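Some notes on the structure that comes next.
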Amino acid sequence: MNEIDYAGLTGRQIRRLCRTGAFTGSTAGVARGFAQANLVVVRSALAADFESFCRRNPQSCPLLEVTPPGEYALTQIAADADLRKDLPRYRVFQNGRCVDQPTSITAYWPDPSNDARCDLVAFLIACSFTFDSALIEAGVPVRHVEQRCNVSMYRTNIECKASGPFAGPLIVSMRPMPPQHVPTARAITGAFPRVHGAPIHVGDPSAIGIADLDRPDYGDAVTMRPGEVPVFWACGVTPMEAVIHAGLDLAITHDPGHMFLTDLSDQSLRETSP
């Protein structure tokens, strides 16, 4: 049997594969041309605080859509979606601890007829995988796509602006590249302000509290070639850390690097030409 070309599929096709359990891997390099999104689900009583956290930290938490309480379908970024089944893998948190990493969250989010669970609110937050295709097209290396692995993600010593119980460190994703590519990468990603925008730091990782690039806090370590510099972007795993800090009785996120595929084109989130 021929290997499936996941890069050539649409966002909807990837969602259907996730829904049946046929795709459970990282979405790096998947459905090229379609925007990807992080997921955070909290109870409605805390939804205003979490939305405020996102608004106060827009570079790490750029909101694409927020659902009404209990609603797991979307109206703006994807058609016929079921947020309980359409991601390749999730993380379920109880009291600040990850207790499950399922490929479906229907056990935690039944149909709305079950009143005990119909108060969940979902937040879809833009993902830096969205601008990887633009970098590649411009000749900027994207190592995690080259190596077919997850992007490297790290905790920093930069604190987010808190809102209610939500607080914690900024998480960054890292892409190594030769120094001459940095201005191009900065210009391209700066044209995606709704997708984390331009890098927050280039060069010395210790300046932002990262001790060892070979030991990412999330994702996979990628090869750093001689003469390359690490380039860091604000990352949508940041709100997951805020959920952990909040210690909620129930919260659900995507598993880092295992994103929701939207129907939006990458270019629809590009606000200006680099």
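So here's what we get for this one:
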{"quantity": "From 225, 215, residue being of a type outside the set (A, V, I, L, M), over 28 Å from residue 100 (Cβ atoms) and not in a strand (DSSP E or B)", "calculated": "225"}
{"quantity": "Residue among 172, 151, 140, 145 that alone is more than 17 Å from the chain's Cα centre (by Cα) and on the phi < 0 side of the Ramachandran plot", "calculated": "140"}
{"quantity": "The range 180-209 residues that are more than 18 Å from residue 229 (Cα to Cα), paired with ones that are crowded, with 16+ Cβ neighbours inside 10 Å and among the aromatic types (Phe, Trp, Tyr) (beta carbon under 6 Å, 6 or more apart)", "calculated": "192/131; 195/131; 196/233"}
{"quantity": "Verdict on residue 30 being buried (at least 18 other Cβ atoms within 10 Å of the Cβ), in contact (Cβ under 8 Å) with a residue 40 or more places away in the chain, within 17 Å of the chain's Cα centre (by Cα) and assigned to a loop (DSSP other than H, G, I, E, B)", "calculated": "yes"}
{"quantity": "Answer from 51, 3 - the residue that is modelled with pLDDT under 95 and out of contact with any strand residue (DSSP E or B) (no Cβ under 6 Å at 6 or more places or on another chain)", "calculated": "3"}
{"quantity": "Candidates 34, 93, filtered to the one that is modelled with pLDDT of 95 or more, aromatic (Phe, Trp, Tyr) and under 20 Å from residue 241 (Cα atoms)", "calculated": "93"}
{"quantity": "Residue in the range 116-153 that is surrounded by the fewest Cβ atoms within 10 Å (Cβ to Cβ), counting only those that are more than 23 Å from residue 183 (Cβ to Cβ), of a type outside the set (A, V, I, L, M) and touching a Lys or Arg at 6+ places or on another chain (Cβ under 9 Å)", "calculated": "119"}
{"quantity": "Leading residue by the ranking (surrounded by the fewest Cβ atoms within 10 Å (Cβ to Cβ)) among those in the range 74-103 that are in a strand (DSSP E or B) and of a type in the set (D, E, K, R)", "calculated": "97"}
{"quantity": "Test for residue 253: is it closer than 22 Å to residue 165 by Cβ and assigned to a strand (DSSP E or B)", "calculated": "yes"}
{"quantity": "Any hit, the range 65-73, residues being of a type in the set (D, E, K, R), part of a loop (DSSP other than H, G, I, E, B) and in contact with a His (Cβ under 8 Å, 6 or more places away or on another chain)", "calculated": "no"}
{"quantity": "Of all residues making up the range 156-168, the number that are crowded, with 21+ Cβ neighbours inside 10 Å and within 21 Å of residue 201 (Cβ to Cβ)", "calculated": "2"}
{"quantity": "Some residue of the range 3-13 being part of a helix (DSSP H, G or I) and touching a residue at least 40 places away in the same chain (Cβ under 8 Å)", "calculated": "yes"}
{"quantity": "Residue in the range 260-274 that is surrounded by the most Cβ atoms within 10 Å (Cβ to Cβ), counting only those that are of a type in the set (A, V, I, L, M) and at pLDDT 95 or above", "calculated": "261"}
{"quantity": "In the range 179-228, the residues that are of a type in the set (Val, Ile, Thr) and either within 28 Å of residue 124 (Cα to Cα) or surrounded by 15 or more Cβ atoms within 10 Å (Cβ to Cβ) (or both)", "calculated": "182, 184, 188, 189, 195, 200, 202, 208, 210, 222"}
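The values are calculated or read from the model by the stated rules, or taken from the named source; none is laboratory data. It should be emphasised that the depicted structure is a prediction, and the values quoted were computed from it without experimental measurement. Here Cβ is always computed from backbone atoms with ideal geometry, including for glycine, and neighbour counts include all displayed protein chains.
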